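Written out below as structure tokens is the structure these notes cover.
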There are 2 protein chains.
Amino acid sequence: MARFFMAGTNLAGGTAIIRGRDAEHVKVLRLRPGEDVVISDAQGTDYKCRLVETRKDEAEFEIVEVVPCPAEPSVEVSVICGLPKGDKTEYIIQKCVEAGAHDISFFQANRCVARPDAPEKKLERWQRIAEEAAKQSGRGIIPQVGWLEDYAAVLDKAIKKDLAVLLYETGEREGLDTVLNSGGHDIKSAALITGPEGGFAEFEVKLARIAGLRICSMGERILRCETAPVVALTAVMYATGNLS
Amino acid sequence: MARFFMAGTNLAGGTAIIRGRDAEHVKVLRLRPGEDVVISDAQGTDYKCRLVETRKDEAEFEIVEVVPCPAEPSVEVSVICGLPKGDKTEYIIQKCVEAGAHDISFFQANRCVARPDAPEKKLERWQRIAEEAAKQSGRGIIPQVGWLEDYAAVLDKAIKKDLAVLLYETGEREGLDTVLNSGGHDIKSAALITGPEGGFAEFEVKLARIAGLRICSMGERILRCETAPVVALTAVMYATGNLS
């Protein structure tokens, strides 16, 4: 069933009016009166709607049912990644939205190869990728894509969560599974920090440890910087009962 | 530490001689006598070796230690995917090798959009991608990439495993986590079957059910055909204690 987020949608009484780009999309889909779509409020609620008619610049729907979006996980996971090179950023956004991330942020880690002048300028494009992936995968929110100014902001964001993990490929670490098994279904929010191509600098790991983050391993296989976030996120989804 | 698979390597006594493409690679890396590399026998055993000297077409190493490759998981997971379009095949191979797959196969599902004349001709290229990913992620084997002739071959391969799962996005299903939690650490082999862009045809699911496969869900988020194998594989790795 086609899904829309309700930017440009007017919900009043039992009626939803879609305008703008989404109204064009309704036409492209050649939906006929009587056919159903889902309009998400992007805050976890789905409005199941039936098309009444399409007009010049808008489409009118009857609201049939209002339900919590079944695709939203019970845990809010913030994925935080050292900015990778090239299109890996887009890949991380797309896959983490599909896999259930609540929000995704990037930051300039010490060993980042990518050193863009103004990464915040890319946010609009990144956000569009998140929106597309959210529609496609049936999410009830559009995960926010953000840029964190420095490593202090990364740690600050992470320590506010029930569980804050930095994934590290060497040295003294706990198994991610051990850490998740002990918290398990009770975790309501988590932050997962992964490094760029060159990995974390030692001082970044040390600071994270001092800040109280769990330094975790995902086994001895070296994951690429664009693979690690999806694998870690999937582990959290599994451990919190959101993969069933 | 640089890793090599031992095709073209001669192991005799305490000495390893690398020839061919890998010997060139030793030169490209500008390794010096005394530096260490790992030579894998591609069957789960790592030979830690120290460079003695490079000669015209070969490099001589002293074998320092022989150990089981720590990156190999305790479970052998066969990933079996309906052939997707374009470069998604390569993506699936790369990510599943990183995430610990034992082998990866593709087949022509009923709703495959991709209908290549001779997919078996692509096997050489696919296998190279698997080898590269295996080197990069520190695997102790080179996962085999295969082509299964028909759906009967898919089911036949799957039912030989301790756990055989078909991932399906609708209808009557069990949670993948429930199924894995009940088997857990005891699973030594598993098959994970995922569909192409268009999903499975109903008869494919029905046949799988009759053959005894578990029809499983991974939550209500719709995963792209190239995302589902990695997520399912990660869930198996988590459940079997291979993500720590």
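Of the set (1) in contact with a helix residue (DSSP H, G or I) (Cβ under 6 Å, 6 or more places away or on another chain); (2) part of a loop (DSSP other than H, G, I, E, B), all apply to A:Lys95 but (2).
If we scan the stretch A:179-191, do we find a residue that is surrounded by fewer than 23 Cβ atoms within 10 Å (Cβ to Cβ), in contact with a Cys (Cβ under 9 Å, 6 or more places away or on another chain) and of a type in the set (Ser, Thr, Tyr)? No; the residues of the stretch A:179-191 include none that is surrounded by fewer than 23 Cβ atoms within 10 Å (Cβ to Cβ), in contact with a Cys (Cβ under 9 Å, 6 or more places away or on another chain) and of a type in the set (Ser, Thr, Tyr). Take the residues of the stretch A:181-234 that are part of a helix (DSSP H, G or I) and either of a type in the set (Phe, Trp, Tyr) or modelled with pLDDT under 95 (or both): which is farthest from B:Glu98 (Cα to Cα)? Here the residue is A:Asp186. Could you tell me which residue of the stretch B:88-108 is nearest to B:Ala152 (Cα to Cα), considering only residues that are hydroxyl-bearing (Ser, Thr, Tyr) and more than 14 Å from chain A (Cβ to nearest Cβ)? Checking each candidate, the answer is B:Ser105. In the stretch A:44-85, of all residues being among the charged types (D, E, K, R) and crowded, with 20+ Cβ neighbours inside 10 Å, the one that is nearest to A:Asp117 (Cα to Cα) corresponds to A:Glu72.
Being more than 14 Å from every other protein chain (Cβ to nearest Cβ) and touching a residue at least 40 places away in the same chain (Cβ under 8 Å) is a property that holds for A:Cys112.
Here is the figure for the stretch B:133-184: residues that are within 11 Å of chain A (Cβ to nearest Cβ) and of a type in the set (Asp, Glu) total 3. Scanning the stretch A:196-224 for residues that are farther than 12 Å from A:Val165 by Cα and either within 11 Å of chain B (Cβ to nearest Cβ) or touching a Cys at 6+ places or on another chain (Cβ under 6 Å) (or both) gives A:Pro196, A:Glu197, A:Gly219, A:Glu220, A:Arg221, A:Ile222, A:Leu223, A:Arg224. Checking each residue in the stretch B:225-244 for being more than 7 Å from chain A (Cβ to nearest Cβ) and in contact with a Lys or Arg (Cβ under 8 Å, 6 or more places away or on another chain) picks out B:Cys225, B:Glu226, B:Pro229.
If the condition is being surrounded by fewer than 24 Cβ atoms within 10 Å (Cβ to Cβ) and either touching a residue at least 60 places away in the same chain (Cβ under 8 Å) or assigned to a helix (DSSP H, G or I) (or both), then the stretch A:235-244 contributes A:Thr240, A:Gly241.
Checked against the criterion of being under 19 Å from the mean Cα position of the chain (by Cα), surrounded by fewer than 22 Cβ atoms within 10 Å (Cβ to Cβ), of a type in the set (Lys, Arg) and more than 30 Å from A:Gly13 (Cα to Cα), the candidates A:Arg115, A:Arg125 yield just one match: A:Arg125.
Selection over the stretch A:153-178 of residues that are at pLDDT below 95 and either in a helix (DSSP H, G or I) or outside the structural domain of A:Ser105 (by TED's automatic domain parsing) (or both) gives a count of 2.
Within the stretch B:49-56, is there a residue that is of a type outside the set (A, V, I, L, M) and modelled with pLDDT under 90? Yes, the conditions are met somewhere in the stretch B:49-56. Pairs meeting the criteria (first residue in the stretch A:195-210 and not assigned by TED's automatic domain parsing to the domain that holds A:Phe107 and of a type in the set (Phe, Trp, Tyr), second residue part of a loop (DSSP other than H, G, I, E, B) and surrounded by 14 or more Cβ atoms within 10 Å (Cβ to Cβ), beta carbons under 8 Å, at least 6 apart or on different chains) are lacking.
What number of residues within the stretch B:56-87 are aliphatic (A, V, I, L, M), touching a strand residue (DSSP E or B) at 6+ places or on another chain (Cβ under 8 Å), within 22 Å of B:Ala190 (Cα to Cα) and within 13 Å of another protein chain (Cβ to nearest Cβ)? Break it down stepwise before answering.
Filtering the stretch B:56-87 for residues aliphatic (A, V, I, L, M) gives B:59, B:63-64, B:66-67, B:71, B:75, B:77, B:79-80, B:83.
Filter once more, keeping what is touching a strand residue (DSSP E or B) at 6+ places or on another chain (Cβ under 8 Å): B:59, B:63-64, B:66-67, B:75, B:77, B:79-80, B:83.
Checking the rest, the ones that are also within 22 Å of B:Ala190 (Cα to Cα) come to B:75, B:77, B:79-80, B:83.
Subset that is within 13 Å of another protein chain (Cβ to nearest Cβ): B:75, B:77.
Qualifying residue count, the stretch B:56-87: 2.
Check the stretch A:136-145 and report whether any residue there is part of a strand (DSSP E or B) and of a type in the set (Val, Ile, Thr). Yes.
Tell me which strands (runs of 3 or more DSSP E) are completely within the stretch B:1-76 and hold 3 or more residues being under 20 Å from B:Arg139 (Cβ atoms) and within 26 Å of the chain's Cα centre (by Cα), or say none if there are none.
B:3-5, B:36-40, B:45-54, B:58-68
The values are calculated or read from the model by the stated rules, or taken from the named source; none is laboratory data. Since the structure is predicted, the reported quantities are computational estimates derived from the model, not experimental observations. No Cβ is skipped: glycine too gets one built from the backbone with ideal geometry, and neighbour counts run over all protein chains shown.
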